[in-house]
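Quick note: the coordinates plus some simple rules give every number you see, no bench work behind them. Quick caveat: nothing in here was measured; it's all calculated off a predicted structure. Positions of Cβ are generated from backbone atoms using ideal geometry, with glycine treated the same way; all protein chains shown enter the neighbour counts.
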Amino acid sequence: MKIHVVNPNTTLSMTEKIAAAARAIAGPGTEIVARQPAMGPVSIEGYYDEAFAVPGMLAAIREEEEAGAEAHVIACFDDTGLDAARAIARCPVIGIGEAAYHAASLIAGKFAVVTTLARSIPPIEHNLVRYGLISRCARIRAGGFEVLALEDPGSGAVEKVSAEIELAKREDRAEAIVLGCAGMADLAARLSAAHGIPVVDGVAAAVTFAEALIRLGLKTSKLGGYAAPLPKIYAGSFAGFAPESHAEATPPGGWK
Ligand code: 5HY
């Protein structure tokens, strides 16, 4: 099976780290195609960055869908552009945030999320509410470092994640930890051993769930909100993103 993993930001070292985490968990028959957009922010820290990461990420989704991907993983913890990606894809699209929340919910009553900056907390909270999992989250914590600090071993970012994990255990009564950034994809095993608590990395969880959905033969439903976008003109520099006719993608009985 072939799974496309896209880092929506444009930092190659993060894409390589994400690819390594994906390949480490993937089964023997799974090919991982890892990509990042040709345009967009070097890191996603809040709503404005997210908006400009989506077009390039969607271009990668469309290209890999046409190249035969059997599932897509969006490797940004905010699940950047997840719904739009599901609208243009036929195969499953999984966000690492959503995957991590579900994995944590299967092994713990309450989990805590440890992310980077405080400004990343509201988007995470919004996603937990819309996924119906906010009640399972004890707290969303931020270590107070920028996303790209995770690409610098000497930045102290990992130590800050560790400190938040200890506080989550002691103050939040968290029974598991969800790593709130794709840039932490290489840290789960080390932090779990150091702190004696299950630590979930969304990249590994999303790849595993993607393999499971492919084996189950399940694809994104095109009957409702994820129906293919209606063909129309997109003006200006977005002209190349205009939806083409995908009549076959919206089955009979599908919503207009
Ligand atoms: C991520 N930003 O996973 C998010 C995490 C964050 O560039 N990749 C990013 O801190 O919002």
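Residues that are of a type in the set (D, E, K, R) and farther than 23 Å from P153 by Cα were ranked within segment 1-34; the one that is surrounded by the most Cβ atoms within 10 Å (Cβ to Cβ) is K2. Taken as a whole, the structure places A89 among residues that are surrounded by 18 or more Cβ atoms within 10 Å (Cβ to Cβ), over 16 Å from V161 (Cβ atoms), away from the ligand (no atom under 16 Å from the Cβ) and in contact (Cβ under 8 Å) with a residue 40 or more places away in the chain. Before we move on, is G68 under 26 Å from P243 (Cβ atoms), out of contact with any Gly (no Cβ under 7 Å at 6 or more places or on another chain) and within 12 Å of the ligand (Cβ to nearest atom)? Answer is no for this residue.
For E211, are the conditions met, namely being under 18 Å from A71 (Cα atoms), out of contact with any Pro (no Cβ under 9 Å at 6 or more places or on another chain) and assigned to a helix (DSSP H, G or I)?
Judged against the criteria, E211 is a match.
Cβ separations smaller than 7 Å between residues 6+ apart or across chains give the following pairs from segment 160-174 residues that are closer than 17 Å to A108 by Cβ to residues that are small (G, A, S) and assigned to a helix (DSSP H, G or I): A174/A168.
Residues in segment 44-63 that are buried (at least 22 other Cβ atoms within 10 Å of the Cβ) and small (G, A, S) were compared, and the one that is nearest to the ligand (Cβ to nearest atom) is A53. Listed by first and then second residue, the pairs with beta-carbon distance under 6 Å, at least 6 apart or on different chains, first residue in segment 125-140 and without any contact (Cβ under 8 Å) to a residue 40 or more places away in the chain, second outside any loop (DSSP other than H, G, I, E, B) and not hydrophobic (A, V, I, L, M, F, W, C), are Y131/E98; L133/Y101; R136/S105. Report the residue count in segment 16-53 for those that are closer than 22 Å to K2 by Cα, part of a helix (DSSP H, G or I) and touching a residue at least 24 places away in the same chain (Cβ under 8 Å). The qualifying residues number 7. Taken over segment 4-18, the criterion of being more than 11 Å from the ligand (Cβ to nearest atom) and over 14 Å from A185 (Cβ atoms) is satisfied by H4, L12. If only residues of segment 98-120 that are small (G, A, S) and farther than 23 Å from G81 by Cβ are counted, the one that is nearest to the ligand (Cβ to nearest atom) is A112.
Looking at R62, is it in contact with a helix residue (DSSP H, G or I) (Cβ under 9 Å, 6 or more places away or on another chain), free of Cβ contacts under 8 Å to residues at least 12 places away in the same chain and farther than 23 Å from R141 by Cα? Answer is no for this residue.
Within segment 108-121, the residues that satisfy the criterion of being surrounded by fewer than 24 Cβ atoms within 10 Å (Cβ to Cβ), farther than 15 Å from D79 by Cβ and either of a type in the set (D, E) or touching a strand residue (DSSP E or B) at 6+ places or on another chain (Cβ under 6 Å) (or both) are A108, K110, L117, A118.
Before we move on, is D83 farther than 20 Å from F145 by Cβ, touching a residue at least 40 places away in the same chain (Cβ under 8 Å) and charged (D, E, K, R)? The answer is yes for D83.
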